[in-house]
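Please read the structure below before turning to the comments.
Quick note: the coordinates plus some simple rules give every number you see, no bench work behind them. Note that the coordinates shown come from a computational prediction; the quantities given were computed from them, not determined experimentally. Heads up, the Cβs are rebuilt from the backbone with ideal geometry, glycines too, and the neighbour counts pull from every protein chain shown.
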Amino acid sequence: MSDAQKAVLVQSVKVEKDSVFRDRMRAVLLATDGTRRVVDIAAHVGRAASAVERWLDAFTKGGVDGLRQRRHAPGRQSVMQAPDVQRDLAAGLREGRWRTAPQMAAWLVQTHGISLCKTQSYYWLGKSGGALKMPRPVHTRKDAAAAVAFQEHLFENLVGLNLPVGVPVKVWVQDEARIGLHDPQRRCWALRGVRVVKARQQEYEWCYVCGALEVLSGAAEFRILPTVGLELTHGFLEQIAASDPQAQHVVIWDQAGFHHREGDPRTPPRVHLLALPAYSPELNPVERLWDLLKDTLCNRVYHGIQALEDAACEALQPFLQDAARVRSLVGDGWLRAQANAS
């Protein structure tokens, strides 16, 4: 070692803040006089002789910078990283197969013979992209193929109505929601460690909110009804038609018993009906509106059905005034694209 290299090494020992690197430099510096054995140097710095030999070799090849290189051993691969385990875990998460981490851990033991503690179970659920979600209920009689077909062929269904040429057309999605004095309770923000108590109303009196959203313009129509029936539904269809007397109105709705069927002679003039597949509420954007409405009405006590109706009207008012809110509910997906194309 030259005097210049030794001087650099001495200075580096003085200024080095990392104790690991400083021990390496001290070991090399002790070896510079050539009077100490490797085992003696190792004993002096409290490390193995093999480690000192590696440091000397690293200094010879790279100087002080060589001593600052850390070795990164690849380590043993976790059994959870096996391709078949990762594939099956991802498939289970897509299906929402497990409600709790212990359920997933029990499945791992049974299927792959892998035993995880509680902490490891939560770690691998998160690392695999898992998150706790509230599943949307689906009726056992739902025909998934029919729902997909409706999305794919909406354009053809709209064209098949043979609407008059040169006349404006409005496409509506319509639905009803029942609201009552048996109020829903939902989560709310509160201080940590403080239990929130809310009075819960359990009176069995209710009304129905009818809503229709225009897919392209963002218009909205609402009506509150004491009950549901064909005559009351007919009146709401007339309200939709009256919103633009010059246009043809296509109403997409579900197959409820109080809804007119396509071709029913009682359907108001200039109104055309398209029925959604059975048990497919996810195809109707109005369902999202009811969820927002219940967020506003929840956790409150109403002194009579009229007070509830007034609160519902107030909550729905912004959707009558702001078309952008309605379009955000409809989105820019399959419904808006195919209605616009037709």
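How would segment 193-237 be classified by its alpha-carbon gyration tensor: rounded, prolate or oblate, with rounded meaning a/c under 1.5 and the a/b versus b/c comparison settling the rest? Cα axes put segment 193-237 in the oblate bin. By definition, a body whose alpha carbon gyration tensor gives a ≥ b ≥ c is prolate when a/c is 1.5 or more and a/b is larger than b/c, and the chain fits this prolate description.
Pairs of Lys residues in the chain, spaced 8 or more positions apart or belonging to different chains, with C-alpha separations under 21 angstrom: 7 in total. Projecting the Cα atoms of Gly96, Tyr123, Val28 onto the charge dipole of segment 1-136, computed from C-beta unit charges around the Cα centre, puts Gly96 farthest toward the positive end. Relative to the dominant Cα principal axis of the chain, helix 305-321 is inclined by about 70°.
Let me know the shape class of segment 79-127, please: from the alpha-carbon gyration tensor, a ≥ b ≥ c as square roots of the eigenvalues, rounded when a/c is under 1.5, otherwise prolate if a/b is greater than b/c, or oblate. Note, shape of segment 79-127 comes out rounded. Using the Cβ-Cβ distance between His303 and Val109 with R0 set to 51 Å, the FRET efficiency from 1/(1 + (r/R0)^6) comes to roughly 0.40.
Computed about its Cα centre, the charge dipole of the chain is approximately 2540 debye, with only Lys, Arg, Asp and Glu carrying charge at their Cβ. The residue list Pro168, Val194, Ala247 was ranked by how far each Cα lies along the charge dipole of segment 144-341 toward its positive end, using unit charges on Cβ atoms, and Val194 comes out on top. Computed over the chain, the per-residue total of -39500 (n - 2.57) for DSSP H runs of n ≥ 4 gives a 222 nm mean residue ellipticity of -14500 deg cm²/dmol, rounded to 500.
The equivalent ellipsoid of segment 3-67 has semi-axes of 17, 13, 11 Å, largest first, where each one is the square root of 5 times an eigenvalue of the Cα gyration tensor.
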